[in-house]
1. Please enumerate the residues belonging to the range 32-74 that are open to solvent by less than 40 Å² (accessible area, probe 1.4 Å), part of a helix (DSSP H, G or I), under 26 Å from THR235 (Cβ atoms) and touching a helix residue (DSSP H, G or I) at 6+ places or on another chain (Cβ under 8 Å).
2. So THR27 ticks every box in (1) part of a helix (DSSP H, G or I); (2) touching a helix residue (DSSP H, G or I) at 6+ places or on another chain (Cβ under 7 Å); (3) β-branched (Val, Ile, Thr) but one. Which box is left unticked?
3. Being crowded, with 20+ Cβ neighbours inside 10 Å, of a type outside the set (Ser, Thr, Tyr) and out of contact with any strand residue (DSSP E or B) (no Cβ under 6 Å at 6 or more places or on another chain), is that true of even one residue in the range 165-173?
4. Filtering the range 129-155 down to residues that are part of a helix (DSSP H, G or I) and charged (D, E, K, R), which residue is surrounded by the most Cβ atoms within 10 Å (Cβ to Cβ)?
5. Among the candidates ILE176, ILE156, single out the residue that is of a type outside the set (Asp, Glu) and without any contact (Cβ under 8 Å) to a residue 40 or more places away in the chain.
6. If you check every pair at least six apart or on different chains, which have Cβ atoms under 9 Å apart with a residue in the range 46-74 that is touching a residue at least 40 places away in the same chain (Cβ under 8 Å) first and a residue that is β-branched (Val, Ile, Thr) and open to solvent by 40 Å² or more (accessible area, probe 1.4 Å) second?
7. Take the range 114-128 and flag every residue that is open to solvent by 40 Å² or more (accessible area, probe 1.4 Å) and of a type outside the set (D, E, K, R).
8. Restricting the search to the range 253-272, which residues are over 16 Å from LEU44 (Cβ atoms) and surrounded by fewer than 14 Cβ atoms within 10 Å (Cβ to Cβ)?
Amino acid sequence: MDAAVAKNGVSSKRFIQISDCHLGPLTSEALLGLNTDESLHDVLALIAEKESDFDYMVCTGDIASAGHEACYRRFVSIVRQYFSQALAWLPGNHDSADIMARVDLPQAPEARSIVLGDWLILLLDSVVPFKVHGNFEQSELDYLEQMLSANPNKHIMIMLHHQPVLVGSKWIDQYILRNADAFFALVDRFSNVKAIVWGHVHQDFNSQRKGVDLIATPSTCVQFKPLCDDFTVDTLMPGYRWFDLYDDGSLSTGVERVSGKEYVIDYKSAGY
């Protein structure tokens with residue numbers, strides 16, 4: 001599908017979300033037996049096959065397994081083997097936001113906001129250093145309020161790493177965004193917020209709250225089985241999410257997954 005598509009005569013912009021790549025400092029890094037470099041290459045090759053054109057790619061955190069500079073350099077290098085489109089990223093709990101911000105890269109990824117036609121995508125940092133759960137610093141909420149107040153005529157999508165609502169699995173929901181109430185109290189003041197999108201949970205999730213779409217995206221590596229109280233690895237394949245953002249404020253989205261491959265994965269693992 002072309003980057004500029006139409007629905008009932010309304011044009012749109014397409015962008016791609018990937019998440020939770022978990023690259024290690026070496027290309028041999030594995031998560032629960034799965035080589036994360038290999039699966040990232042497979043997902044990017046799938047995008048190249050499925051998406052004839054798109055406007056932007058965003059990675060919603062856990063790019064690295066442990067925040068090594070080499071991971072971020074290699075991530076950008078791998079993406080650039082497939083695509084020249086603009087790239088953005090935000091940190092996850094396994095990342096180092098400091099290293100991401102200071103690493104010297106050609107065409108460094110955007111880290112705060114993206115304008116796509118009549119849409120504004122805001123990238124937020126929900127990471128608590130050395131913790132798995134999420135929480136917004138007051139400065140991050142202040143930034144969000146400032147951007148929402150300054151852009152009343154834009155349709156807004158907010159992207160972060162941690163889930164701001166329960167997804168139904170006790171083991172991962174203990175690592176939710178802890179100050180989600182304050183976040184939603186702010187969001188509720190702005191009717192032009194159309195969607196909130198995250199990674200972290202390694203699964204497809206779709207819901208709504210007060211007319212706002214709530215969306216999570218699969219990992220480019222290991223998947224977590226939905227609606228499980230205990231840690232459970234899913235047999236679903238790595239994947240990505242596409243979005244079409246229409247000028248009237250509506251959106252379309254879907255998930256595509258790698259097929260025709262078998263990975264070595266420890267499906268009996270009780271955690272990682």
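The values are calculated or read from the model by the stated rules, or taken from the named source; none is laboratory data. Values in this document were obtained by computation on a predicted structure and should not be read as measured data. Backbone-built Cβ (ideal geometry, glycine too); neighbour counts: all protein chains shown. Ligands, DNA and RNA are excluded from the accessible area calculation, which covers all protein heavy atoms including side chains. Shrake-Rupley method; radii C 1.70, N 1.55, O 1.52, S 1.80 Å.
1. Answer for the range 32-74, where residues must be open to solvent by less than 40 Å² (accessible area, probe 1.4 Å), part of a helix (DSSP H, G or I), under 26 Å from THR235 (Cβ atoms) and touching a helix residue (DSSP H, G or I) at 6+ places or on another chain (Cβ under 8 Å): ASP37, LEU40, LEU44, ILE47.
2. Of the numbered conditions (1) part of a helix (DSSP H, G or I); (2) touching a helix residue (DSSP H, G or I) at 6+ places or on another chain (Cβ under 7 Å); (3) β-branched (Val, Ile, Thr), the odd one out for THR27 is (1).
3. yes
4. If we take residues in the range 129-155 being part of a helix (DSSP H, G or I) and charged (D, E, K, R), then GLU140 is surrounded by the most Cβ atoms within 10 Å (Cβ to Cβ).
5. Being of a type outside the set (Asp, Glu) and without any contact (Cβ under 8 Å) to a residue 40 or more places away in the chain holds for just one of ILE176, ILE156, which is ILE156.
6. Every condition considered, the pairs that remain are ARG74/THR27.
7. Selection gives VAL115 alone.
8. GLY254, GLU262, VAL264, TYR267, LYS268, ALA270, GLY271, TYR272
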